[in-house]
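The values are calculated or read from the model by the stated rules, or taken from the named source; none is laboratory data. Because the structure is a prediction, the values reported are computed rather than measured. Here Cβ is always computed from backbone atoms with ideal geometry, including for glycine, and neighbour counts include all displayed protein chains. Note: areas computed on protein heavy atoms with side chains; ligands, DNA, RNA excluded. Shrake-Rupley method; radii C 1.70, N 1.55, O 1.52, S 1.80 Å.
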Amino acid sequence: MDWLYRISLISGPLPVILTVLGVLGGVWLLGSSVRWYYRRAVPIAGLIALVIMIAVWITVEKVIVPFPDPIEMSIYVWIGIGIYAVLLLGPRIKAGGTIAKAVVSVVATVLVIVTAATQINLVFAAYPTVGIAFGHDDFDRISLSEVPGPTDPVVTGDPTDTVWKAPEGMPIRGRVTTLPVPGTISGFSARDAQVYLPPSYFTNPRPLLPVLVLMAGQPGKPEDWLQGGKLTATMDAFARDHEGLAPVVVIADGTGSQMANPLCTDSSQGKVGTYLAKDLPAAVANAFQIDTNPRAWAIGGLSYGGTCSLQMATNYPDVYPTFLDLSGQLEPSLGDRQRTVDEIFGGDEAAFVKVNPMDLLATRKFPNSGGVFVVGTDDNEFKPGQQKVYEAAKAAGMDARYLELPGGHSFSVWSAGVEQELTWISQRMGLIS
């Protein structure tokens, strides 16, 4: 079954095949010659689907506004097409008049829905393969209790690769484990972190490795980086090129739940800043044998996580002197500044300014900090903001880099961003020369 699990859902023939089948399904649903069907059922169902789609758009984008990032209109269109197919199913079965045609109508409806889901997935690239879509891990997972304990001695060097040589018997792939990270100091209730341990971690003696903290977007979960982000494949490839060396990657929860948006700061919504600056490093150092020197720590994330990484880098530069901002916002936001100030900071504009990265970059210098700003060439919503923050970071004395990659606001950009900038990050953290 491995060959099936590896089939791509974002490139190659399968998305094309599914789209063609969906079009054929749509033709069947629209193609009955029964007069009442094409004169009444088809237009009425279309009108209802359009009304539902518009109502969902208004509710999400104008009323509730659960996400700081606007959702592309194409997503709503494909949702509307899926609803249209479902609404047509009953009348199409009735118009067909036979069991065989009813079965074909059900299949046609499923194909349209699958096509809509495929097209939505092409926007975000959240499920790159069939295996990931069906929950099949393409990496080695172990329990926390199976992770080897500390070795004595450890291999240290500056950089590490100048004193390290992979021993015989070292695994060829890293492994992933789950780490509960309690909010001991912050009181923040977070979901478990996912931790990638590179091949060299499973040696004795082992090298003292740096730590890269990654965060997902909103909505999102830590596992997103293992699925759409293809993180293990990226890290394993890096390790193969560097004698098994790679950062330990801790995929942390920066929101607390799938839909929450606490803006990665200490507020009435939770002390996320304290959680990421104190609770998380303490839990990681307690669970794993890693380099605790702040120079060896970096933080990054996508979308909300990218914004959060810059917040941490500017509010806690001694904890995270290196960061990776993937398609982050110009500033932390619930949709607009006034709503953000009112709901998160109790209407206190000064409290917002005190922690807002753009204001911090304008009033302080960060000579020991460095980071990368990555955005998609087609991400017109976020690209202007990324460019402004990059210029502000340079002006504040940071070792800043800016990178545009083909694509939009999706994992095709974010996973490529990590892959391309991992060498630079590892050099800053003292892992490689």
Next item on the list: Give the residue, chosen from P384, P367, that is open to solvent by 10 Å² or more (accessible area, probe 1.4 Å), over 18 Å from the mean Cα position of the chain (by Cα), in contact (Cβ under 8 Å) with a residue 12 or more places away in the chain and under 22 Å from F67 (Cα atoms).
Entry: P384
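Kindly indicate whether any position in the range 319-329 is touching a residue at least 24 places away in the same chain (Cβ under 8 Å) and open to solvent by 50 Å² or more (accessible area, probe 1.4 Å).
Initial filter on the range 319-329 (touching a residue at least 24 places away in the same chain (Cβ under 8 Å)): 319-329.
If we keep only those that are open to solvent by 50 Å² or more (accessible area, probe 1.4 Å) as well, we get none.
No, the range 319-329 contains no residue that is touching a residue at least 24 places away in the same chain (Cβ under 8 Å) and open to solvent by 50 Å² or more (accessible area, probe 1.4 Å).
Can you name every residue in the range 167-187 that is of a type in the set (A, V, I, L, M, F, W, C) and either in contact with a Leu (Cβ under 8 Å, 6 or more places away or on another chain) or under 19 Å from P222 (Cα atoms) (or both)?
Matches in the range 167-187: V176, L179, V181.
Being without any contact (Cβ under 8 Å) to a residue 40 or more places away in the chain and either outside any helix (DSSP H, G or I) or within 30 Å of G376 (Cα to Cα) (or both) narrows it down to one residue among V77, V103; which is it? Outline the logic, then answer.
Details: V103 fails: either outside any helix (DSSP H, G or I) or within 30 Å of G376 (Cα to Cα) (or both).
Testing whether each residue is without any contact (Cβ under 8 Å) to a residue 40 or more places away in the chain and either outside any helix (DSSP H, G or I) or within 30 Å of G376 (Cα to Cα) (or both) leaves just V77.
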Item checked: Hey, A252 of a type outside the set (D, E, K, R) and more than 15 Å from the chain's Cα centre (by Cα) or not -> no
Next item on the list: Please identify the pairs in which a residue from the range 246-273 that is more than 20 Å from K230 (Cα to Cα) has its Cβ atom under 7 Å from the Cβ atom of a residue that is outside any loop (DSSP other than H, G, I, E, B) and of a type in the set (G, A, S), counting only partners at least 6 apart or on another chain.
Entry: G256/G270; P262/G270; C264/G273; T265/G273; D266/G273
Checklist line | Conditions (1) surrounded by 14 or more Cβ atoms within 10 Å (Cβ to Cβ); (2) touching a strand residue (DSSP E or B) at 6+ places or on another chain (Cβ under 8 Å): number failed by T115 | finding: (2)
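Does I83 count as crowded, with 17+ Cβ neighbours inside 10 Å and among the β-branched types (V, I, T)? Break it down stepwise before answering.
Working: crowded, with 17+ Cβ neighbours inside 10 Å: yes; among the β-branched types (V, I, T): yes.
Taking the combined requirement at face value, the residue satisfies it.
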Next item on the list: Collect the residues in the range 1-38 that are part of a helix (DSSP H, G or I), within 20 Å of L87 (Cβ to Cβ) and open to solvent by less than 50 Å² (accessible area, probe 1.4 Å), keeping them in residue-number order.
Entry: G22, G25, G26, L29, Y37
Note to self: With open to solvent by less than 70 Å² (accessible area, probe 1.4 Å) and either within 33 Å of the chain's Cα centre (by Cα) or of a type in the set (A, V, I, L, M, F, W, C) (or both) as the only criterion, which of I44, I52, I48 stands out?
What the structure shows: I52
Checklist line | Elements of type helices (runs of 4 or more DSSP H) contained in the range 328-433, each with 1 or more residues being modelled with pLDDT of 95 or more and touching a helix residue (DSSP H, G or I) at 6+ places or on another chain (Cβ under 6 Å) | finding: 349-355, 357-363, 383-395, 411-428
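Out of contact with any strand residue (DSSP E or B) (no Cβ under 6 Å at 6 or more places or on another chain) and open to solvent by 30 Å² or more (accessible area, probe 1.4 Å), is that true of G430? Quick ask: steps written out before the conclusion?
Numbers: out of contact with any strand residue (DSSP E or B) (no Cβ under 6 Å at 6 or more places or on another chain): yes; open to solvent by 30 Å² or more (accessible area, probe 1.4 Å): no.
When the stated conditions are applied, G430 does not pass them.
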Margin query: One residue is enough: does the range 152-166 have a residue meeting the conditions farther than 16 Å from G430 by Cα, assigned by the TED database to the domain that holds L302, modelled with pLDDT of 95 or more and touching a helix residue (DSSP H, G or I) at 6+ places or on another chain (Cβ under 8 Å)?
Written below: yes
Check: Out of the range 86-112, which residues are of a type in the set (S, T, N, Q) and open to solvent by 40 Å² or more (accessible area, probe 1.4 Å)?
Finding: T98
Next item on the list: For the range 253-286, name all the residues that are in a helix (DSSP H, G or I) and open to solvent by 40 Å² or more (accessible area, probe 1.4 Å).
Entry: K278, A282, A285, N286
Next item on the list: Find the residue count for the range 337-352, including only residues that are open to solvent by 30 Å² or more (accessible area, probe 1.4 Å) and under 15 Å from T307 (Cα atoms).
Entry: 1
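Does G306 meet the test of being open to solvent by less than 30 Å² (accessible area, probe 1.4 Å), outside any strand (DSSP E or B) and under 16 Å from D69 (Cβ atoms)? So that I can check it myself, show each step before the final result.
On the way: open to solvent by less than 30 Å² (accessible area, probe 1.4 Å): yes; outside any strand (DSSP E or B): yes; under 16 Å from D69 (Cβ atoms): yes.
It is true that G306 is open to solvent by less than 30 Å² (accessible area, probe 1.4 Å), outside any strand (DSSP E or B) and under 16 Å from D69 (Cβ atoms).
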Next item on the list: Identify the residue in the range 401-418 that is out of contact with any Phe, Trp or Tyr (no Cβ under 6 Å at 6 or more places or on another chain) and of a type in the set (S, T, N, Q) and, among all such residues, is nearest to G301 (Cα to Cα).
Entry: S415
